[in-house]
Amino acid sequence: MRWLYHTAVSIGRRAWRQLTSMRTALVLLFLLAVAAIPGSVLPQRNVSPEKVNQYLDTNKEWGPTLDRFFFFDVYGSPWFSAVYLLLFVSLVGCLVPRFRQHALALIRKPPRPPARLDRLPASASFGPVASSDVLSALRRRRFRTVVRTEGDVVEISAEKGHLKETGNLVFHFALLSLLIGVAYGSWFGWHGNRVLVEGSDFGFCNTLLNYDEHALGAQVGENDLPRFCLQMDKFTARYLDNGQPIEYRADVQVQEHGRVSSHVLQVNDPLRLSGANVSLLGHGYAPELRYTDKYGKSHTTVSTFLPRDGMQTSDGVATFPDVNLNPTTGKRDEKSQVGFMGIYLPTVPSDPSVNTSAFPAERDPRLMLQPYHGVLGFDAGAPLSVYTLDQRQIDAGRLTKFGDPVMLKPGDSATLPDGSKIEFLGTKQWISISIRHDPGQPIMLGGSVALLAGLLFSLTGKRRRIFFRITPGGTTAGGLPRSDYPGFAEEFDEVVRAVSPPAAEVPEQVAQTDQVVTEPEREEVV
């Protein structure tokens, strides 16, 4: 049993050393980047469940397989979490020993000079000098020095460049803080998306039921959301002549803590509230329609149409499920519900065969509607999209076309085959907003700044040591670069010249490789 125990301990130690090596950390960092690719390419269920369902309906062969392996919930999948945790453990296990060693190196005095300074990569010898002059020259260059005296022999050790390793450690600890910030934000953060229509009286309050899409962190409950309400009063958009937008501006009112305040919401300029940030994502048009059924009762609705191109050509539906109630019996034929599938063009093109808008602003708007009647499918209890009619009802023949398509200008109306009437009253503009709370952002911001600073110090820092041994008969100097430093020979020669006696402008004897002292310098010595 003892050999089994020792074998298990040995295997565990080797596995731990392998996991906490820098090479393993780099491999895990690469794997984490690769694992995040599906989250950027494929729709994610916590961000856009409707796009996920659409993808599954379109790709019936590959969709279920990808869903089985969490490709539509990448950042919450077991395999992504495993790589994430392994990278975290690897970085901690790698950095803690390095930090301890670096702290000891900062506290520890520079070592004694070696016995043979002439064997170091850079060396020189010259006449006797005062130790105070050597210390002054080294300290002016910010070397950390220590003096050791034994009889008539004075040894000076100088060291510089610990900032390189400090930068390395700061860089890797900053990377670790980024991982912590992402994890903390995913646990205690939340976000949601919502469409706000122009002119609605505080139509949105911050509750889960009012979100079109939402996702809560693992440690966030519905009651943890901050309480506020939003209302959009006006939306303004400006475009270039080619239709490219140059400004989106939404005037909104916020009701928070019993007070109402006015704000301006723009792209890349979020509204910062207590506990949440509100960002403007996009905008579109919402046609306002009034349907008068065959019994003369009117119903008005404002339907959000989604743009499908940069010119705001928009698709959507308008549904009227509670129409055609018999005034005598108060009952409605379930097959007499009405819906309209429409296309909205803010600016009708000059060529009538082109079914796209000519400009994103409303210069000459048109609304094309195809009436349907039958069963809309709202009573079936199945989830339905508010932007399309239920295709299952159409395929089953329970929802059929009702007359020919009609094209309307604002203020126009059309009469349907059963005597009912549809009127196009105009449009309201809508905006899509993202409301987000990420408590990990300050951690990630600090980590990003520290990462850049650590990288800068790591690339610019050069660790090196210079030694002097002063005796009554002369002085010997030697230098040792502890990292790749092509300019060390020049720096060493500069220090030697600064401390050499005035009569000896250059060292009397130079013993170093051609990589440190160039040939012209040797000729100058001769």
So how strong a dipole does the chain carry about its Cα centre when Lys and Arg Cβ are +1 and Asp and Glu Cβ are -1, to the nearest 20 debye?
-> 2200 debye
Residue among Gly199, Leu452, Ala115 farthest towards the positive dipole end of the chain, charges placed on Cβ | Ala115
Quote to one decimal, in nm, the extra length available between Arg98 and Trp187 on full extension: 0.36 nm per residue of separation minus the C-alpha distance between them.
-> 29.1 nm
Within region 302-332, backbone nitrogen closer than 18 Å to the virtual label 7 Å beyond the Cα of Gln54 toward Cβ = 304-318
Where the only charges are on Cβ atoms (+1 Lys, Arg; -1 Asp, Glu), what is the dipole of region 324-366 about its Cα centre, to the nearest 20 debye?
-> 220 debye
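Please state the shape class of region 191-301: rounded when a/c is under 1.5, otherwise prolate if a/b exceeds b/c and oblate if not, all from the C-alpha gyration tensor.
Cα axes put region 191-301 in the oblate bin.
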Selected from Phe30, Asn277, Ile433, residue furthest toward positive end of dipole (the chain; charges at beta carbon) | Phe30
For helix 2-19, what angle does its Cα long axis make with the longest principal axis of the chain, in degrees from 0 to 90 and rounded to 10?
-> 80 degrees
Mind giving me the FRET efficiency for Ser448 and Ile11? R0 is 41 Å, r the Cβ-Cβ distance, nearest 0.05 is fine.
-> 0.60
On the full set of protein chains, 1.4 Å probe, figure out the accessible area of Leu26 and give it in Å² to the nearest 10.
-> 110 Å²
Placing each pseudo-label 7 Å from Cα in the direction of the beta carbon, Arg272 and Asp379 end up separated by a distance in nanometres of 5.3 nm
Angle in degrees between helix 162-188 and the longest Cα principal axis of the chain, rounded to the nearest 10 = 20 degrees
Distance (nanometres) between label positions extended 7 Å along Cα→Cβ at Asn326 and Ser200 = 3.5 nm
Taking alpha-carbon centroids only, region 304-347 lies from region 146-168 a number of Å equal to 83 Å
Let me know the shape class of region 346-446, please: from the alpha-carbon gyration tensor, a ≥ b ≥ c as square roots of the eigenvalues, rounded when a/c is under 1.5, otherwise prolate if a/b is greater than b/c, or oblate.
-> oblate
Roughly to the nearest percent, how much of the accessible area of region 1-85 is carbon and sulfur, given a 1.4 Å probe?
-> 67 percent
Tell me, what is the 1.4 Å probe accessible area of Tyr55, in Å² to the nearest 10?
-> 60 Å²
For region 1-64 and region 366-407, distance of Cα centres in Å | 44 Å
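If you stretched the chain out fully between Tyr387 and His257, how much longer would it get, using 0.36 nm times the residue separation minus the C-alpha to C-alpha distance? Write out the running numbers ahead of the final one.
Numbers: separation 130, 0.36 × 130 = 46.80 nm, distance 3.42 nm.
Roughly 43.4 nm would be gained on extension.
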In the chain, taking the dipole from +1 charges on Lys and Arg beta carbons and -1 charges on Asp and Glu beta carbons about the Cα centre, the listed residue (Leu91, Ala105, Ala414) farthest towards the positive end is Ala105
With labels modelled as points extended 7 Å from the Cα through the Cβ direction, what inter-label distance (nm, one decimal) is found for Asp412 paired with Val153?
-> 10.5 nm
When a/c is below 1.5 the answer is rounded, else prolate if a/b is larger than b/c, else oblate, so apply that to region 1-147 with a ≥ b ≥ c taken from the square roots of the Cα gyration tensor eigenvalues.
-> prolate
The chain - percent relative contact order, Cα under 8 Å, separation 6 or more = 20 percent
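Return one whole number: the accessible area per residue of region 91-172 in Å², for a 1.4 Å probe.
Each residue of region 91-172 exposes 53 Å² on average to a 1.4 Å probe.
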Disulfide-incompatible cysteines by the Cβ rule (no partner under 4.7 Å) in the chain | Cys94
Between 0 and 90°, nearest 10: helix 78-107 axis offset from the chain longest Cα axis = 30 degrees
Mind checking the full-extension length gain between Leu26 and Asp212? Use 0.36 nm per residue of separation minus the Cα-Cα distance, one decimal, nm.
-> 63.0 nm
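The values are calculated or read from the model by the stated rules, or taken from the named source; none is laboratory data. Values in this document were obtained by computation on a predicted structure and should not be read as measured data. So basically every Cβ, Gly included, is an ideal-geometry build from the backbone, and we count neighbours across all protein chains shown. Only protein heavy atoms, including side chains, enter the accessible area calculation; ligands, DNA and RNA are left aside. Shrake-Rupley method; radii C 1.70, N 1.55, O 1.52, S 1.80 Å.
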